[in-house]
Amino acid sequence: MASIHMVLQGKGGVGKSMVAATLAQYLRHLGQSPLCIDTDPVNATFEGYRALDVQRLNILEGDEINTRRFDDLVELVAGAQQDVIIDNGASSFVPLSHYLVSNQVPALLQEMGHELIVHTVVTGGQALVDTVSGFVQLVSQFPSECRFVVWLNPFWGAIEYEGKAFEKMKAYSEHKAKVSAIVKIPALKEETYGRDFSDMLQQRLTFDEALAHETLTIMTRQRLKIVRTQLFGQLETSAVV
């Protein structure tokens with residue numbers, strides 16, 4: 001059975017591709033060779049990670065999203081022997097979510113022996129309300145065959161509303177039974193950890209590539225090792241990867 005990891009969130013710029021890349025690197029760390037697919041019709045950031053051998057699925061026909069192209073996505077994952085990671089863009093969030101639900105794709109994948117795991121990002125700052133709304137939309141619409149992983153990304157600010165952390169918010173408490181794990185992305189100090197991690201992401205480098213880069217200082221590599229350990233450690237205990 002393969003796990004189909006799909007990263008979905010209707011807000012752009014919140015770290016979806018980072019989540020997809022981290023998942024792919026963790027699975028490779030475990031000795032797997034996951035099938036990586038980028039369906040973002042606008043910003044194919046995930047595809048930019050050459051070391052991860054990401055396939056791009058074109059879902060555009062002219063300037064419009066052709067939802068029948070999602071049939072090709074199902075064909076790609078149907079015969080998967082290893083886990084699959086799919087990064088989807090904000091602009092195709094609504095069409096893909098509707099397609100998956102209306103075509104009963106989660107149940108279909110389960111019949112094939114696969115499991116759909118939806119990863120979604122909740123971030124702080126001005127995007128907090130939008131990303132929490134996206135989370136609620138997903139868990140409300142998707143059927144019981146799906147499992148959910150919430151990634152909390154504090155890059156844009158603290159993830160709290162009226163003094164309540166995400167785990168205390170009504171949006172989570174009403175749907176926590178469907179959430180299998182919460183992954184907390186470290187709050188990285190901008191001048192050290194934050195800068196090193198951001199530089200690595202902008203260059204579309206994996207942790208292994210960055211750590212092997214001879215131009216990086218000893219302490220830059222040390223900080224990246226610490227971030228990798230923190231992220232991989234949470235995925236190890238999540239019981240969904």
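The values are calculated or read from the model by the stated rules, or taken from the named source; none is laboratory data. If you're wondering where the values come from, they're calculated on a predicted model, not measured in any experiment. When we count neighbours, we look across all protein chains shown, and the Cβ atoms used for this are built from the backbone with ideal geometry, even at glycine.
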Original post:
How about segment 152-229: which helices (runs of 4 or more DSSP H) wholly inside it have at least 3 residues that are over 25 Å from Val54 (Cβ atoms)?
Top reply: 170-173
Original post:
Which residues, counting only those in segment 113-129, are without any contact (Cβ under 8 Å) to a residue 40 or more places away in the chain and surrounded by fewer than 17 Cβ atoms within 10 Å (Cβ to Cβ)?
Top reply: Gly125, Gln126, Val129
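Here is a yes/no grid of residues against (1) buried (at least 20 other Cβ atoms within 10 Å of the Cβ); (2) of a type outside the set (Asp, Glu); (3) under 21 Å from Val105 (Cα atoms):
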residue	(1), (2), (3)
Val136	no, yes, yes
Val139	yes, yes, yes
Phe142	yes, yes, yes
Pro154	no, yes, no
Glu160	no, no, no
Ala165	no, yes, no
Lys168	no, yes, no
Ala171	no, yes, no
Original post:
Residue check, Ala187 against (1) surrounded by 15 or more Cβ atoms within 10 Å (Cβ to Cβ); (2) closer than 23 Å to Val150 by Cα; (3) modelled with pLDDT of 95 or more, all met but one. Which one?
Top reply: (3)
Subject >> Selection from segment 134-146 of residues that are over 17 Å from Asn88 (Cβ atoms) and not acidic (Asp, Glu) >> reply: Val136, Ser140, Pro143, Ser144
Original post:
When Asp196 is evaluated against the numbered criteria (1) touching a Ser or Thr at 6+ places or on another chain (Cβ under 7 Å); (2) closer than 17 Å to Leu8 by Cβ, which criterion, by number, is the only one it fails?
Top reply: (2)
Subject >> Selected residue [touching an Asp or Glu at 6+ places or on another chain (Cβ under 6 Å) and either within 21 Å of Lys184 (Cα to Cα) or not aromatic (Phe, Trp, Tyr) (or both)] from Ala158, Ala107, Ala90 >> reply: Ala107
**OP:** For segment 1-112, please list each of the strands (runs of 3 or more DSSP E) lying entirely inside it that holds at least 3 residues being without any contact (Cβ under 8 Å) to a residue 60 or more places away in the chain.
**Re:** 35-38
Subject >> Unmet criterion (only one of (1) surrounded by fewer than 22 Cβ atoms within 10 Å (Cβ to Cβ); (2) touching an Asp or Glu at 6+ places or on another chain (Cβ under 6 Å); (3) closer than 27 Å to Arg228 by Cβ) for Asp53 >> reply: (2)
